[in-house]
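Working notes, beginning with the structure itself.
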Amino acid sequence: MNERGYAAFTVVGVFLIILTAALIEHFSWDEHRVKMESADDMVESLLLSEAGSVQSALRQAARYSVYDALWKVSKNASGYRGREDRELAIERIASKNLNEFLSSLDPWNGSFGLDVRLEMGQESASVDISPWENGYVVALVSIPGCVIEANAPDNSLGFRLTYENFEIIIDSRYYLLEDLLEGFAGDLDSIEDKWKYAEYMAAYAEALVGRQVTLSKFKSQALFQLAWASQELSTFGSSDYLATALSLCEIGDVQQIPWGYSSVVVGNPLNTSHIGEVAKRVEDVLEELEGAERELAEVQSAVEDIVDLDLGDLRVKVDGGLEDILSFVEESNVERVRERFGELCEDFRLAYSTPLSRLEGVLSGLEGGKLHVQRAEENFRQVLELLEEIASDDSLMAQLYNNFTSGDGALAKQILRAFSGVERALDDIKFELCACEPGLHVPSEISSIFPGELEKRLASAEDNLSEIERILGDARERVHKAIEEFENFIGDAEDNFRPTFSRVSSELETLLERPEPNWFETYVEYPDPGKDPNADPVTKTVRGYLIEGGEPTIGGLKLVLEEVLTNLDRLEDLAEAFDSLQGDLTKWDIDGDLLDAMEQSFVLPSTFDREQAYELAPPEPIRSDPGISVFHEFEVADIRYEREDPVGRFAPSLPTPIYLWFIGTTIYWAQWNVTLELRDNPLEEIFDYENPTLVRPMPEDGDSPLRAAHKPLAYRCELPEKKFDFRLVVVSLSLFHVQHG
Amino acid sequence: MKENGGVGQTLDLLLFASMVALGSSALISMSFHDSDWLSQRYATSVARRALVSLQWGTVGEIGEFSFHPSIETIWKSEFVLKRKTFVQLIAEDAILNPRPGPRGNGPILSSNPEFDGKVRDFLKRALDELVGGRFGYRFVAEIAPVERSGEVTNFELVVESDRGPEKLCSESVSWPLPPVLTGAREWDLKASRSRLVLVMTLELWSK
């Protein structure tokens, strides 16, 4: 510093140098510290990632252990007693695999000098599996005493991580496969039902259209395959369509099978509800005819009595009345005299009008009878309309309608003509009776005798007793004369009309009479459906009434309609018997997607059999949900058709007839017990196509060029059923023949 | 005296200026220290995270991994994997497509070459996403050669991108393969009672 107080720049510079050196020292130390800390971070991160690798390795080892166990058990699913057994086996194999892996790790060191050790306890590792969402598997892995210990080389950093229990989701839908295949195995009856329905469709189509039922083992086998494939499709969302297509190649195009044939006919060939409805209408017709019968029977008895009058009563009444009047005159009881005289007059007027009123009663009864007949005819026309209506969607009822109505001599036409005939006959009777009416009016000459003008005279006599007595005197003289004249009139009328009335009565009797059978037929009756087919057939004679052979009568109509009703009731009984023989039919249609899938052409790779090829490359499922591929293997050993209807046992080409003479119909039926037997228990295998997660080594001794391959989990099961059977009953109203193809 | 004073002042200033220059250069040299070390450290961290992702991440996070089965069929069949980790894919590729030969250099015995190609493509996509934005990379997955009946089998899978001249880090992870996965005859080590370890190395390079 000089005398003016200024310091030299050098001094300031020295200070700056000192300051800079201090700063450098500070920064150097700070950098060293940061590097040291960073190294620690790096070591820590490395240790953590190494530990993470160990965890990942353990998890994946457990996963592959479970994959292997799932494969081994589910490929032999039917070798275990049930779900629990399978689950235990999977857990046992998975645990064994995992322990094998763990034993190869001890001690396992990481790669870069970091000491990563895996400690394990004395106890073995175990795996427990349980269902997860959508049929996947969740595995709870337990490695007792498992600790991952990681230390830096200089022991400056380290940690121990307990990793005893962890869960892993196994991406294979073992539980879904198990559920689906168990469901399929438990519902093999549905395959039988579908096969049965398909056979019914084919048989009815042939019987009703071609009049020939062909029993073919190829066809049955193909229908069975289709039923199987359809059941697979409805259970798994796919089917072994390649196998089905192969088997169908033997019978040609599956489109030839008559899918869509009227299931109403197949399911219920003799529709009991339809038959019952027709029978009910026929009963209505009969009810009206019975009404007519009652009315006309009364008419018949009344017509004979029209002029059958006994005047003795009138005489007694007259004598009694006159005596009463005299006693009233003596008592001077004019009122009572008039009253009693009036009654006497009324008795006479009633007697005079009796023949006419009886005729009117008869005519009215006749009209009532005719009305019943008309109603019966109307009801019968409704029966025909109903039959026609039913026939539009029921081909067997159409046949019945046709038999009943077609041709001039058809029963329905005979009945309708008979109704017209009966109505005409009733009109004729009415005409005849109406012609009698004028002759039954009592002439005024008779009625003027008594009571004549005496009633008026009595009224005008007032209380004049002497006049009254005079009038009564006249009355006493006239009444007997009037009775006498009336008696003569009746006698004349009887002479005139008796023949008419007798003829009418006889005509009515004929109308009402139940006619004797006028035709008969001898035939052989075989045991009914459901009865012992070995029972001897019986020769029988049926007797019936043919309207055309005689006069149209109500009795005849009734008899014919009762016979029709008997046959309809029998038809109903037969329908029930056939229903019970064939059992339920479950309608189904072959799925269009299944048909499309089957139309693919394909060849199998020569190195592998079909099952191996499916394991390696399962065919794409028909439906994406749930995405399951299907394999099946079965061989049909035999198909048998055992004829069960009586005629079929000795004449295999013919059906058994059941004659329903009164409705002009014959039912033809044939019945078989159809049995299909498989050579071995069928094999069903499904694949979790959506999850091809398993890597399986290929067997060393095989010729396979592959070392390993991805496969989806397969669930393979031998099914318990080898025999499938059902009863085939074909019913037709037309004759058909049976052929074995 | 005036002349002597001027010279002194000049020397003083020169000394001061040289001291300031010395201090400044020392400070400047401090402020640019070790940028290489920092980028290596970052690269190491990224590589490590990428390896963890390959072990724990599933292919579904990148997209759909589909391939055809190992045998050719006329019927339609296509496999899709969604839940496998990348390491699983690599391990399964090793099992499916080993390379045997007298010195492990024979033709690849490919059970599913399409799978091998798809795994490589998929890994490339994954690594491009994980590290490719900032670094060049080289990923190698290998199984140490296995000798069996005089024949050596190995497996090596390399996936790499364009990269610059400077290697920033190399991180590895080992992954023991479970015995149930190694049943194919080329990898079957039951007789030797040893085990297969898949070693995966990820090198990150400058771009």
Test: residue in segment A:43-55 that is at the interface with chain B (Cβ under 10 Å from one of its Cβ atoms), out of contact with any Leu (no Cβ under 6 Å at 6 or more places or on another chain), surrounded by 13 or more Cβ atoms within 10 Å (Cβ to Cβ) and at pLDDT below 75: no
Within segment A:643-691, take every residue that is within 27 Å of the chain's Cα centre (by Cα) and farther than 30 Å from A:Leu565 by Cα and give me the one that is surrounded by the fewest Cβ atoms within 10 Å (Cβ to Cβ). A:Asn673
Tell me whether segment B:164-180 contains one or more residues that are over 17 Å from the mean Cα position of the chain (by Cα), under 19 Å from A:Pro697 (Cα atoms), touching a residue at least 60 places away in the same chain (Cβ under 8 Å) and within 14 Å of another protein chain (Cβ to nearest Cβ). yes
Step by step: first the residues of segment B:181-207, then only those that are more than 9 Å from chain A (Cβ to nearest Cβ) and modelled with pLDDT under 70, then the one that is least open to solvent (accessible area, probe 1.4 Å). Which residue is that? B:Leu189
Of the residues in segment A:600-627, those that are at the interface with chain B (Cβ under 9 Å from one of its Cβ atoms) and either exposed (fewer than 14 other Cβ atoms within 10 Å of the Cβ) or at pLDDT below 80 (or both) number 8
Where a residue in segment A:355-368 is closer than 13 Å to A:Val442 by Cα and its partner, wherever it lies, is of a type outside the set (Val, Ile, Thr), with Cβ under 8 Å and at least six apart: A:Pro355/A:Leu309; A:Pro355/A:Leu440; A:Pro355/A:Ala493; A:Leu356/A:Glu437; A:Leu356/A:Leu440; A:Leu356/A:His441
Matching entry among A:Leu363, A:Leu314 (being buried (at least 17 other Cβ atoms within 10 Å of the Cβ) and over 30 Å from A:Leu289 (Cβ atoms)): A:Leu314
Just checking, which of A:Leu396, A:Leu400, A:Leu384 is out of contact with any strand residue (DSSP E or B) (no Cβ under 9 Å at 6 or more places or on another chain), in a helix (DSSP H, G or I) and not acidic (Asp, Glu)? A:Leu384
Condition (residue is open to solvent by 30 Å² or more (accessible area, probe 1.4 Å), hydrophobic (A, V, I, L, M, F, W, C), free of Cβ contacts under 8 Å to residues at least 40 places away in the same chain and not in a loop (DSSP other than H, G, I, E, B)) applied to segment A:145-167: is it met by at least one residue? no
What strands (runs of 3 or more DSSP E) completely inside segment B:1-109 contain at least 2 residues that are closer than 30 Å to A:Ser624 by Cα and either at the interface with chain A (Cβ under 8 Å from one of its Cβ atoms) or at pLDDT 85 or above (or both)? B:65-67, B:79-81
Exactly one of these conditions fails for B:Val152: (1) modelled with pLDDT under 80; (2) open to solvent by 10 Å² or more (accessible area, probe 1.4 Å); (3) assigned to a loop (DSSP other than H, G, I, E, B). Give me its number. (3)
Only listed residue being modelled with pLDDT of 90 or more and touching a strand residue (DSSP E or B) at 6+ places or on another chain (Cβ under 7 Å), chosen from B:Ser161, B:Ser174: B:Ser161
Hey, any hits in segment A:180-200 for a residue that's of a type in the set (Val, Ile, Thr) and not in a helix (DSSP H, G or I)? no
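Do you know which residues across segment A:663-701 are of a type in the set (A, V, I, L, M) and either part of a strand (DSSP E or B) or closer than 30 Å to A:Arg570 by Cα (or both)?
Of the residues in segment A:663-701, the ones of a type in the set (A, V, I, L, M) are A:663, A:667, A:670, A:674, A:676, A:678, A:683, A:686, A:694-695, A:698.
If the condition is that a residue be of a type in the set (A, V, I, L, M) and either part of a strand (DSSP E or B) or closer than 30 Å to A:Arg570 by Cα (or both), then A:Ile663, A:Ile667, A:Ala670, A:Val674, A:Leu676, A:Leu678, A:Leu683, A:Ile686, A:Leu694, A:Val695 are the ones that fit.
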Scan A:Ala597, A:Ala577, A:Ala535 and give me the residue that is part of a helix (DSSP H, G or I) and surrounded by fewer than 20 Cβ atoms within 10 Å (Cβ to Cβ). A:Ala577
Given the conditions (1) away from every other protein chain (no Cβ under 14 Å); (2) farther than 30 Å from A:Asp573 by Cα, every one holds for A:Tyr659 apart from (2)
Condition first: among the small types (Gly, Ala, Ser), modelled with pLDDT of 55 or more and either open to solvent by 40 Å² or more (accessible area, probe 1.4 Å) or part of a loop (DSSP other than H, G, I, E, B) (or both). Now tell me which residues in segment A:253-285 satisfy that. A:Ser273
When you go through (1) acidic (Asp, Glu); (2) within 29 Å of A:Asn691 (Cβ to Cβ); (3) more than 14 Å from chain B (Cβ to nearest Cβ); (4) open to solvent by less than 80 Å² (accessible area, probe 1.4 Å) one by one for A:Asp171, which number turns out not to apply? (3)
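The values are calculated or read from the model by the stated rules, or taken from the named source; none is laboratory data. Since we're looking at a predicted model, the values are computed, not measured. In this analysis, Cβ positions are derived from the backbone assuming ideal geometry, glycine residues included, and neighbour counts consider all displayed protein chains. Protein only, heavy atoms only, side chains kept; ligands, DNA and RNA dropped before computing areas. Shrake-Rupley method; radii C 1.70, N 1.55, O 1.52, S 1.80 Å.
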